[in-house]
Structures are given as structure tokens and as C-alpha cells.
Amino acid sequence: MLPAAGLDFQAVGGEWAGRHLDELSELYAEVYAEPPYQWGPEHATLFRERFEVQRRQAGFALVEARHEGRLVGLGFGVTLQPTTPWWRNLLTPLPEEVTREYPGRTFALVELLVRAPWRRQHIAETIHGLLLRDRPEARATLTVLPEATPAHAAYLKWEWRKVGQKRNPLPGAPLFDVLVKDLRRG
């Protein structure tokens with residue numbers, strides 16, 4: 001399926017993303033204010049702080065979708081480093097062959113967001129495909145709330161598989177499913 005007509009998709013770098021942080025944060029706050037998240041301004045502040053670090057990390061990639069110049073969706077991630085805390089706080093320990101990281105092994109899809117009026121138009125699917133299409137890593141990982149049913153269903157359709165669950169080390173943090181996708185071609 002093709003996304004709605006009139007959309008422009010573009011891959012951008014960390015420097016560009018830093019100059020547009022206000023716009024990216026606005027989209028983040030808007031999407032995460034909705035159920036099942038209902039996260040407040042403190043999460044948007046945390047997003048900004050983390051994004052400033054993430055956009056400078058090795059393997060950072062961001063794909064945006066715009067309609068008539070307005071940001072309607074984005075996806076971004078980074079390459080996990082061998083010292084990553086990504087695999088900590090799992091509810092059930094996973095085998096080392098799953099959690100061991102080495103340079104270039106795993107791309108973490110940190111966010112995939114689309115404004116509500118633009119959903120169900122294959123925008124997230126297109127961003128997802130563009131973001132992962134030419135990644136050099138062997139696999140990708142992400143976390144998703146189990147209650148985020150449409151997102152969860154899309155990831156399963158796009159060949160992600162659940163490997164575990166984790167809770168971030170923040171007070172009142174929700175439970176997330178941890179998903180992995182094979183990126184090797186051939």
C-alpha cells in the first residue's frame with residue numbers, strides 16, 4: 001500500500017533534527033497525550049533531554065513525513081553500543097545470545113509517531129520501511145506498550161517478534177513489550 005498523496009518523506013541527520021527539536025517535541029507531546037499513554041509535559045521534557053543525546057549517537061537516523069510543510073509523522077533510532085542499558089530491567093532474563101551487543105549488531109527504533117488525523121494511511125509503515133531499509137545492523141529492537149493495540153498489531157504485521165517485557169527504572173513506569181526484527185537480507 002502507498003501512503004496518502006501529497007506527503008513528503010525525508011531522511012535527516014542529527015544536526016538538522018537538533019534545529020527542529022521544538023517541532024519534534026510538539027509531535028511527541030501530542031501523540032503521547034492520547035490514550036493509552038496520557039503522558040504529561042514531564043515526558044516531553046524528558047524526550048527533549050534524551051533526544052539531544054540520541055541525535056549525536058552513532059547510527060542515528062530520522063525519517064520524517066510532511067504534508068504541505070507540516071510535520072505529520074516521524075521515526076528515529078540509534079545503533080546500540082556494547083555498553084547499552086537497553087537489555088536491563090527485563091522482567092524475565094533473556095539468554096546472552098539475545099542481550100549481548102557488539103558494534104553494529106542492533107538498531108533501536110526509539111520512536112515511530114504519526115499525528116492522529118494522519119493515521120491509517122500507511123505513513124508509519126512508510127517511515128518504518130525507509131528507516132530500516134538500508135540499515136547495516138543485523139537486527140532492530142523497540143519497546144511498545146501492550147495496550148497500544150494498533151501499534152502492536154502493526155509491528156507484528158511488519159515481522160517484529162516479542163522477546164520479553166521490561167519496565168524502565170522510573171517511578172510508576174509502565175510495562176513495555178520488547179520486540180526484535182531480523183534485518184539481514186538474503
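The values are calculated or read from the model by the stated rules, or taken from the named source; none is laboratory data. Please read these numbers as outputs of a predicted model, since none were measured by experiment. Heads up, the Cβs are rebuilt from the backbone with ideal geometry, glycines too, and the neighbour counts pull from every protein chain shown. Heavy atoms of the whole protein, side chains included, go into the accessibility calculation; ligands, DNA and RNA do not. Shrake-Rupley method; radii C 1.70, N 1.55, O 1.52, S 1.80 Å.
Brief remarks on what is shown
- Magnitude of the charge dipole, the chain, Cβ model with Lys/Arg +1 and Asp/Glu -1, debye to 20: 520 debye
- Heavy-atom accessible surface of the chain: percent carbon and sulfur, 1.4 Å: 53 percent
- The residues of the stretch 1-122 expose on average 55 square angstrom of accessible surface per residue, using a 1.4 Å probe on protein heavy atoms.
- Dividing the summed helix terms, -39500 (n - 2.57) for each DSSP H run of n ≥ 4, by the number of residues in the chain produces a 222 nm estimate of -8500 deg cm²/dmol to the nearest 500.
- Within the stretch 113-186: Cβ-based charge dipole about Cα centre, in debye rounded to nearest 20 (Lys, Arg +1; Asp, Glu -1): 80 debye
- For the chain, hydrophobic long helices are taken as DSSP H runs at least 15 Å long by C-alpha position along their axis with mean Kyte-Doolittle hydropathy of -1.0 or more; these are 21-32, 41-54.
- Loop-located GluC sites (Glu not before Pro) across the stretch 5-71 with a Cβ neighbour count of 15 or fewer within 10 Å are 68, with loop assigned by DSSP.
- In sequence order, calculated HN-Hα J values of the stretch 87-98 (Karplus, 6.51, -1.76, 1.60; Hz; x Gly/Pro): 8, 7, 6, 6, 5, 10, x, 9, x, 4, 5, 8
- Cleavage-rule hits, trypsin sites (Lys or Arg not before Pro), the stretch 25-67, DSSP coil, Cβ neighbours within 10 Å at most 13: 56
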